[in-house]
Amino acid sequence: MLAVLVFDQLNDVVYLRCDHKFVLHVRSMAASQGLLAQAEVDPEEVAQLDPNIVVQLFSPLVTSQRIMATQFNNPYTSVTCQDGTTVVFQEYAGYLFVGVGQEEEAHLQRVISVTIRIVQLIVGPCVTLLKRSVEKSGMLDRLLEAWQQLYAHEQSYLVEAVERLVVNAELSAASVKALAAVVDTLRPATDLTPRHALFFVRNKLLALYSSRNASELTASDLLFLNLLVAANQVRDGEQHYSEDKHVGKVEPEDDDDGREEGIGLEEEGERREDDGIVVDESTDSGEFYSIPGTPAPARTASQPQGEQRGGLHGQVVLLKTEACHLTPHLVHHHTLSDGFSLIIVSEVNRTQLSAQLLAVLSCLEELALGGSEGGGGRGRVLLEACDAALKKTHDLARRLPRGRTFDRVEKALQQVQYRWEGVKRSGVEEWLKSGGEDVPSRVDASLTSLVDSVRSAWRAACLGVSSTAGAALIEAAVVTASVRMADYCHFLEVKALRNMTLGCRSALTISKYLEEFPGLVHFLYVDRSAHQLTAPTLLPEGPGEDDTSNPTRALTLARVWSMVEFARSHLSKGHLSLMWKDTTFNYAYFLWFEDGSSNPLKPEPLHESAIEELPLPGILCQDFYQALATRAFPGSDPSRVRAYELFCVHLGLATSPCVLEHTRRLAATIWEVAGPLDANPADLL
């Protein structure tokens, strides 16, 4: 059983994604409490779920959580029920994200953390869009489903590191040149600025090209960009795994027409066939259910499902840059051939506008906390910062091109200014001077209204972007990439199925490499400074292949996934190295640090409280390894501390000295197979 729920400040459901078991469980609970007639609970049918029932059942728990957070500053992280069900909590932008399931708490926390990160990437602080926009809630559905599938089957998403497709220097150079030609084709565009172009082959990075002065794409951004491609394959029916799916639909909640002031959802939810670009729309999410705000657009005879395959998809996403942690980008991706995708990342020139509006939101949210956080001299500083940021926002908005977006942004900013004047008249300055801990009701109401207006203005400026911008040039760039890479497509598709097994640098293959380590069956080596994964490909096992007589076949996906989860559970407690075994294999995990000259660094022991403050191991949500280095090497520049991870699987007869010796040799020689970081032209660019 698994469910992801998002509640707003009024405890209403903004978003719900759940499986069939959760639907039946909730309906059974509702019947036992008299909220639903027992006759309506039929386990043989694919049941519908009334969001009003969800609200009634979860309101006591959600209310209790908010009281613990606001009044006692001690919110729950999780609650475990008598039947083994676990409920986890996290908050973002004033919205409560809840995960419900019978899995381990750490896994549920990861699901919720990834959900929050995806929400930040697609709607930023405007979480309410998940309730009102079918396109946004559908996009979140597909991204979560794609992440769940990749997390369960791809080693790169398991350890959250980028896996490069290892090819020879000639093919690597040809790929980078093709990407450079793609970016050059887009340079004449006036409404967007091309920044990056990438090739992914079956979830592995082949090459990356970035224009001059572009902000560097982080490893987590690369994983997310590939996730966009996988999400559209989920929608188009191109990606299938061996799991039974139930097709059903949750009864939609009564709501408005899905349009909000200033966003222009007609630009987001339409399908444009005239320019060849398919803009996302909501679809059913397989075995999971979700509550859309409005019905999905009907598919007409001129829009068959097959036309989407291989089509050009465009989405507005919010990536992290040095200038702003939610920088609007327009991402286009196209499938050149089976499993071979081109991704183009363009900036839409709203970075500073986004940064100023987010600064206003941050100040207002801190003011709304009241007491010592928002009162006194600090409160007056926040008011002045808000005033200055709003003035900069108006100046930046005047530079936008005239058109529908400009009109929406101007109208939204007028509303912000009106609400700002209302805050000044509400007695906020008198409250700050008095130093009172409780926020007066009039001040609280005016601040809440202003926050809503600022979010509306940010939404209009940063999300109200047509994904057809530069459509003709984008199509020309796709043609350029297709022509240049036509001769390599088939080889790359086959190569990606067994990365580093068909032959790579010179005559050395991963199979030959493993022969140098008797007893070593599998390993995962991660350079955590670049978050780059090197590992042999795990082939899917077939019937009868889970056979202990063949150690390679006995090493199943489940064993590798269990190894990583076990190591992470100890890493979260501060254990940087460990060894253990089962009836067949000997497992080992090591995390170590070096300086820029490859000299080992010894971390300082961490206090239990410092360890508890660390995020979950990984990088998709937060960079665990940078946070660990910051605490383990106080006074040092974390960027100068290099971290490395190594997971090893040996036959059960391997001794500890043998494992340690293999570990040292692996760390010293792995570049012979994958190549040094600077060997690939993509890294130099």
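General observations
- Stretch gain in nm, segment residue 441-residue 472, where the contour uses 0.36 nm per residue and the Cα spacing is subtracted: 5.9 nm
- The residues of the range 558-642 have, on average, 54 Å² of accessible surface per residue, using a 1.4 Å probe with all protein chains present.
- Taking a sphere under 11 Å around the Cβ of residue 1 and counting the other residues whose Cβ falls inside, with K and R at +1 and D and E at -1, yields a net charge of -2.
- Surface accessible to a 1.4 Å probe, per residue, for the residues of the range 329-485, Å²: 43
- Whole-number accessible area per residue in Å² for the range 68-155, which is evaluated in the context of all protein chains at 1.4 Å: 33
- Protein accessible area in the range 62-153, 1.4 Å probe - carbon and sulfur %: 49
- Rounded percent of accessible protein surface that carbon and sulfur make up, the range 580-678, 1.4 Å probe: 54
- For the residue pairs 136/320; 21/581; 131/392, the C-alpha atoms sit more than 25 angstrom apart in 21/581; 131/392.
- Tensor-based shape of the range 311-412 (alpha-carbon gyration tensor, a/c under 1.5 rounded, otherwise prolate or oblate): prolate
- Whole-percent carbon and sulfur share, accessible surface of the range 380-444, 1.4 Å: 46
- Distant-in-sequence amide H partners of residue 533 (H built 1.01 Å from N, under 5 Å): 162, 163, 164
- Rounded if a/c under 1.5, otherwise prolate or oblate - the range 5-121, Cα gyration tensor axes: prolate
- What you get for the range 1-144, charging only the Cβ of Lys and Arg (+1) and of Asp and Glu (-1), is a dipole of about 540 debye around the Cα centre.
- Sorting 325, 522, 25 on solvent-accessible area from highest to lowest, probe radius 1.4 Å, gives 325, 25, 522.
- Net lengthening on full extension, residue 82/residue 35 (0.36 nm per residue, minus Cα-Cα): 14.7 nm
- For the range 378-428, a/c is not less than 1.5, where a ≥ b ≥ c are the root eigenvalues of the C-alpha gyration tensor, and a/b does not top b/c. That puts it in the oblate class.
- Debye, to nearest 20: dipole size of the range 52-124, +1 on Lys, Arg Cβ, -1 on Asp, Glu Cβ: 240
- Mean separation of Cα contacts under 8 Å, 6 or more apart, over the residue count of the range 350-428: relative contact order %: 28
- Projected-area mean, the range 560-640, by convex hull of Cα positions, square nanometres: 6.3
- Proximity of backbone amide H atoms, modeled 1.01 Å from N, is registered between residue 49 and 251 at under 5 Å, excluding neighbours fewer than 5 places apart on the same chain.
- Residue separation of residue 337 and residue 584 scaled by 0.36 nm, minus their Cα-Cα distance, works out to 84.9 nm of gained length.
- Label positions at residue 64 and residue 611, each projected 7 Å from the Cα along the C-beta direction, are separated by 2.9 nm.
- Ordering 624-636, 112-124, 155-167 by mean Cβ neighbour count within 10 Å, with the highest value first, yields 155-167, 112-124, 624-636.
The values are calculated or read from the model by the stated rules, or taken from the named source; none is laboratory data. Here the structure is a predicted model, which is why all the values come from computation and not from measurement. Note: ideal-geometry Cβ built from the backbone for every residue, glycine included; neighbour counts use all protein chains shown. Ligands, DNA and RNA are stripped out before the accessible areas are found, and what is left, the full protein with its side chains, is counted by its heavy atoms. Shrake-Rupley method; radii C 1.70, N 1.55, O 1.52, S 1.80 Å.
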